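Rule-based calculations on the coordinates, nothing more; no lab input. Note that this is a predicted model, so its numbers are computed, not measured. For neighbour counting, all protein chains shown are included, and Cβ atoms are generated from backbone atoms with ideal geometry for every residue, glycine included.
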Amino acid sequence: MRFILTGTASGVPVIHRRHASLVIEDGSQRVLVDAGEGCAAALLAAGIELASLTRVVISHTHADHVSGLPMLLQGMYLAGRTEPLPISVPPGRVQWFRDWLRGMYVFSEKWSFPFQVQQYGDIPATEEGLRIAPFPNRHLEKMRELAARHDVPAAAYSLHVSSRCCSVVISSDIAGLDDVAAAAAGSDVLIVDSAHVGQDEIFAFAAAHEKLTIICTHIPPEIEPGLMALRERSGEEVGGRVLYAYDGMQYLLEKKEE
C-alpha cells in the first residue's frame, strides 16, 4: 500500500503547497482522499493520471478539502474518462454536492462518465483487501449550533484504512489527538493534522507507541520555519518516526515478514 500526499497545506493559502488531498494506492485501486484546491494539478505533478482514480472520499466540506473537486471532474471529462467514479461523502451532504455540481453545469447527460455521489455507508472492500472505514471526529463540534441554524450538518470524519499488509489512520482535520488516538494506537501509520494538534503532543504519542510512524500533514505556515529542527528532533527522540509531509511525498507500506 502506497500513500502519495499530493496536497499538504493547512487552510491557509501558500505558494508552495496545495490544499488537502492524498492518494491511497493498493493493487488496482487509487483512492483520492479529499480534493482541496489544486488537487487536479497536484495529481498530474505526481504522475497520476486523473482517469486512474477509482474512488474519491471526502472527509468534510470545508473549502480546503473540497474546492478542487469540480476541476478534478472537469479534467477527467476533458481527458475522455468513461469509467464510473464513486464519490463518498459524509451523511446528509449528498444533495448538497449534487446541487453544487449542477450549479456549475456538471450534468450527467453531458459528461463522458457517470459520477455517483454516495453517502458514507459500507465502502466496499476491494478484491485486493483494501478497506476504508470513516469514523466521526470532533473537528466541527464548535460549529454545530450555528450550522444547525443554517440547516447544514456539522460532521467531520477520519478514516481507518487497512489492507492485507497494514493499517493506517488518516485523521483529516480533528479537534485533538484524542479523536484518533484509539484507532492509531493499533495501526502502523498515523497521517495527522498538524494545524490542530501540537507538536509536543505528536512527539509524546510517538514515544508512547514505538511501532507507530506518524506523518504530519496539513502543515500551517507558523511551523514552516521550524521544520528542519522538528525533523532533527524526530531523529533524536523517536528514531525518525515523525515525518513532515510535502506535496508529492510518497510513503510505501509493505507486507511484514511473518
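A few points about this structure:
- Applying the Karplus relation 6.51 cos²θ - 1.76 cosθ + 1.60 with θ = phi - 60° to region 244-253 yields 3J(HN,Hα) values of 10, 6, 9, 4, x, 4, 10, 9, 9, 10 Hz, where x marks Gly and Pro.
- Computed from point charges on the beta carbon alone (+1 for Lys and Arg, -1 for Asp and Glu), the dipole magnitude for the chain about its Cα centre is near 660 Debye.
- Sorted ascending by nearby beta carbons within 10 Å, beginning with the fewest, Leu253, Leu5 become Leu253, Leu5.
- Using θ = phi - 60° in the Karplus curve 6.51 cos²θ - 1.76 cosθ + 1.60, the 3J(HN,Hα) couplings for region 6-21 round to 8, x, 10, 6, 7, x, 8, x, 9, 8, 10, 9, 9, 6, 4, 6 Hz; x is entered for Gly and Pro.
- Built amide H within the under 5 Å cut-off of Ser167, gap 5+: Asp188, Val189
- Gyration tensor verdict on region 117-200 (Cα atoms; rounded if a/c is under 1.5, prolate if a/b is larger than b/c, oblate otherwise): oblate
- Order of Val169, Val14, Val31 - criterion: other Cβ atoms within 10 Å of each residue's Cβ, fewest first: Val14, Val31, Val169
- At most 15 other Cβ within 10 Å, DSSP loop - GluC sites (Glu not before Pro), region 120-225: Glu127, Glu128, Glu210
- Computed over region 122-240: relative contact order in percent, which uses C-alpha pairs under 8 Å that are six or more apart: 18 percent
- Among the cysteines of the chain, those with no neighbouring cysteine Cβ under 4.7 Å are Cys39, Cys216.
- Cα shape, region 67-215, gyration tensor, a/c 1.5 rule: oblate
- Loop sites by DSSP among the trypsin sites (Lys or Arg not before Pro) of the chain, restricted to those with at most 12 other Cβ atoms within 10 angstrom, leave 1-109 as the longest stretch without any of them.
- For Gln118, the residues whose amide H sits under 5 Å from its own are Ile87, Ser88, Val89, ignoring neighbours fewer than 5 places away on the same chain, with H placed 1.01 Å from N.
- Cβ-based exposure ranking for Met1, Met143, in which fewest neighbours within 10 Å come first: Met143, Met1
- Hz values of 3J(HN,Hα) by residue in region 176-183 - Karplus curve (6.51, -1.76, 1.60), Gly and Pro given as x: x, 5, 4, 4, 10, 4, 5, 5
- Mean separation of Cα contacts under 8 Å (6+ apart) over length of the chain, as relative contact order %: 19 percent
- Among the listed options [x] 22.0, 71; [y] 18.4, 67; [z] 17.8, 57, the one matching Rg and Dmax of the Cα atoms in Å as calculated from these coordinates is [z].
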